[in-house]
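Below: one structure, written as structure tokens.
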Amino acid sequence: MSSQLSIQGVSRVFTSPKGQATQALTPVDFEVRENDFVTILGPSGCGKSTLLRIVAGLDQPTTGQVLLDGVPVQGPGADRGMVFQSYTLFPWLNVEQNIRFGLRERGMPENEQKERSDDFIAKVGLRGFEQHFPKQLSGGMQQRTAIARALANDPKILLMDEPFGALDNQTRVLMQELLLGIWESAQKTVLFVTHDIDEAIFMANRVAVFSARPGRIKTELAVDFPHPRHYTIKTSPEFMALKAQLTEEIRAEAMATDTH
């Protein structure tokens, strides 16, 4: 099966105003197939988010290129939906208007916009909150809205940068299940950055472990648990074994970061 997303020799060097160069990413080669759910796991500051921003077209690589369905990524596009850790809703628009924003920009007929937004409002459990503004919503509800907005645009690939990082533990677990349920039914390609090991295993069919900065993909692990997945899988011996292995990997990298 051919790759939908192909990351080819992508590196990133940042230069400070004084001309000091910092290598954030060493050349990364990585392939993501259609309907893959890949989590990228690594210590803080290892370049995970930089790679995601390059795939989103929000940043340019210093070397290499990103191809989506064989076409080079030159900048942001509707074929990639992005969800950030910080809540990025438009504060002056209500839930429904936020979700319909991209559809309106594309000139979709009003009745289709309504149909699509209603569908995703139901999927993310926000019925009854359509007319609420972001400041009237909890963090979890704001992220539900952001996910619904990204999915309503029907992107080829969903890019998620620690989308549940700011949520309390209980809400986070619910959001993981919600997103996984949507992925299981909608079959989207997802690239999901996290530093939470449980989250990385539970969500993914493949975990890519990043090294300490300058970042590179050091290990890839397949996660073969069946779908639909239930949170109780987190206490299974197989899950615990994967967690132990990844904890060691990340610990080694975090210690390498400390010695840099």
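The values are calculated or read from the model by the stated rules, or taken from the named source; none is laboratory data. What you see is a predicted model, and the numbers here were worked out from it, not measured in a lab. Note that each Cβ is placed from the backbone with ideal geometry, even for glycine, and that neighbours are counted across all protein chains shown.
Residues checked against (1) surrounded by fewer than 23 Cβ atoms within 10 Å (Cβ to Cβ); (2) under 16 Å from the mean Cα position of the chain (by Cα):
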position	(1), (2)
143	no, yes
146	no, yes
171	yes, no
182	yes, yes
193	no, yes
217	yes, no
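What about residue 101, is it of a type in the set (Phe, Trp, Tyr) and outside the structural domain of residue 246 (by TED's automatic domain parsing)?
yes
What number of residues within the stretch 1-45 satisfy the criterion of being of a type in the set (Gly, Ala, Ser) and free of Cβ contacts under 8 Å to residues at least 24 places away in the same chain?
Looking only at that region, the number is 3.
Restricted to the stretch 237-260, and to residues that are at pLDDT 90 or above and in contact with a Phe, Trp or Tyr (Cβ under 8 Å, 6 or more places away or on another chain), which residue is nearest to residue 61 (Cα to Cα)?
Out of the qualifying residues, it is 239.
May I ask you to list pairs of residues, at least six apart or on different chains, whose Cβ atoms are under 9 Å apart, with the first in the stretch 46-65 being assigned by TED's automatic domain parsing to the domain that holds residue 28 and the second being of a type outside the set (A, V, I, L, M) and part of a helix (DSSP H, G or I)?
46/253; 46/257; 59/50; 59/53
Considering the stretch 69-118 alone, what residues qualify as being buried (at least 17 other Cβ atoms within 10 Å of the Cβ) and in contact with a Gly (Cβ under 8 Å, 6 or more places away or on another chain)?
73, 80, 85, 87
Among residues belonging to the stretch 109-150 that are of a type outside the set (Lys, Arg) and in contact (Cβ under 8 Å) with a residue 60 or more places away in the chain, point out the one that is farthest from residue 166 (Cα to Cα).
In this case the residue turns out to be 150.
Check off (1) outside any helix (DSSP H, G or I); (2) assigned by TED's automatic domain parsing to the domain that holds residue 21; (3) on the phi < 0 side of the Ramachandran plot for residue 108 and give me the number that stays unchecked.
Here residue 108 clears every test but (2).
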